[in-house]
Amino acid sequence: MIHFVGAGSGAPDLITLRGAEYLRKADVVIYAGSLVNPELLRMTKESCTIHDSAKMTLVEVIRVMREAEKQGLTTVRLHTGDPCFYGAIREQMDLLDESAIPYDYTPGVSSLCGAASALNLEYTLPDVSQTVIITRMAGRTPVPEKESIEALATHGATMVLFLSTGMLPELSRRLISGGCAPDTPAAIVYKATWPDEEKYICTVSDLAQTAEQHHITKTALIIVGDIVTHSHYDRSKLYDPGFTTEFRMGTDKK
Ligand code: SAH
């Protein structure tokens, strides 16, 4: 059995109870060494074999899984954050399907959420944005043309950008050319939830300058939108005294 497990965004105690249990029982762990906190590996038993996938190809990863399966061992494939974001899990699952190797998937705390926690942000403030666009700049991995930064920026929704910290001058230019005001609030969160986390609030126009000033070139998320400074928003209906819900009688019904 292969367990895909989200390791969380950095702090080792952010792994789920289920993920931790799988790690404790694992005979083989394949972890994404570039971003998973190695502290988590201390949970594994002494006999556990550990592989760093940062140094492996897809074929090599699957080979380790197949070998383990042949011996009836339990494997944990430990991905950073939650594997559903830029985790390259689909291709592994498809190859496992081909070999009829069973697997399951335990979610984790994505850096999407880790970064919000670093800044105490709510991405979806009433009357500001009720939508989060999760995207990235095209790098060696292309992004479909219909998802260009310019096109996405036209919505004025909250945006969270992965894998884009090395391209900030271009990101700012493209956000602005998509209609984002240059003074739109933005944030850079480096290594959210790690002990060396750093976070900076700036604007869309000075993203690159802010990152450069603090020597941030990778392992960061870029957050764009008025929710970053939350200067104007409506309070939620859910907790409005005047609002009746399934669970509470509001003054509107009295
Ligand atoms: N599956 C992961 C994302 C993997 S892609 C998740 O859910 O978080 C790798 C990118 O994620 C990095 O380039 C960076 O943009 C972002 N990232 C991962 N961990 C991060 C962290 N702790 N703080 C800020 N950004 C992080």
With only alpha-carbon pairs counted, each pair once and no self-pairs, how large is the Kirkwood hydrodynamic radius of region 111-228 in angstroms? 14.0 Å
The longest stretch of the chain containing none of the GluC sites (Glu not before Pro) that sit in a DSSP loop with at most 12 other Cβ atoms within 10 Å is 47-245
In debye to the nearest 20, how big a dipole does region 111-228 give about its Cα centre with +1 on each Lys and Arg Cβ and -1 on each Asp and Glu Cβ? 360 debye
A20-M56 FRET efficiency (beta carbon distance; Förster radius 25 Å; 0.05 resolution): 0.60
So, in Å, what gap is there between the alpha-carbon centers of region 99-172 and region 26-45? 25 Å
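Which whole number in µm²/s is D for the chain by Stokes-Einstein, with the Kirkwood Rh taken over Cα pairs at 25 °C and 0.890 mPa s?
Working: Rh = 20.1 Å.
My calculation gives 122 µm²/s for D.
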Assuming a strict under-26 Å limit between Cα atoms, what lysine pair count do you get for the chain once near-sequence pairs (fewer than 8 apart, same chain) are dropped? 14
Amide H neighbours of Y103 under 5 Å, counting only residues 5+ apart in sequence or on other chains, H built in-plane at 1.01 Å? I2
Subtracting the Cα-Cα distance of R140 and S177 from 0.36 nm times their residue separation yields 11.1 nm
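Based on the Cβ-Cβ distance of T154 and Q71, what FRET efficiency does E = 1/(1 + (r/R0)^6) give at R0 = 45 Å, to the nearest 0.05?
Values: r = 54 Å, r/R0 = 1.19.
Computed FRET efficiency for T154 and Q71: 0.25.
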Can you figure out the FRET efficiency of C84 with K253, using R₀ = 35 Å and their beta-carbon distance, to the nearest 0.05? 0.30
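Within 10 Å, Cβ to Cβ, of L168, how many net charges do the neighbouring residues add up to if Lys/Arg are +1 and Asp/Glu are -1?
Numbers: positive: R173; negative: E170, D206, E212.
Once all neighbours under 10 Å are counted, the net charge is -2.
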In nanometres, what is the gap between the two model label sites at D27 and H214, each 7 Å from Cα along Cα-to-Cβ? 4.5 nm
For region 2-106, just the Cα atoms, rotate onto the principal axes and tell me the three extents in Å, largest first. 34, 30, 24
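Where a number appears in this text, it was derived from the coordinates with a stated rule and is not lab data. All of these numbers come straight from a predicted model, not from anything done at the bench. Virtual Cβ from ideal backbone geometry, glycine too; neighbours counted across all protein chains shown.
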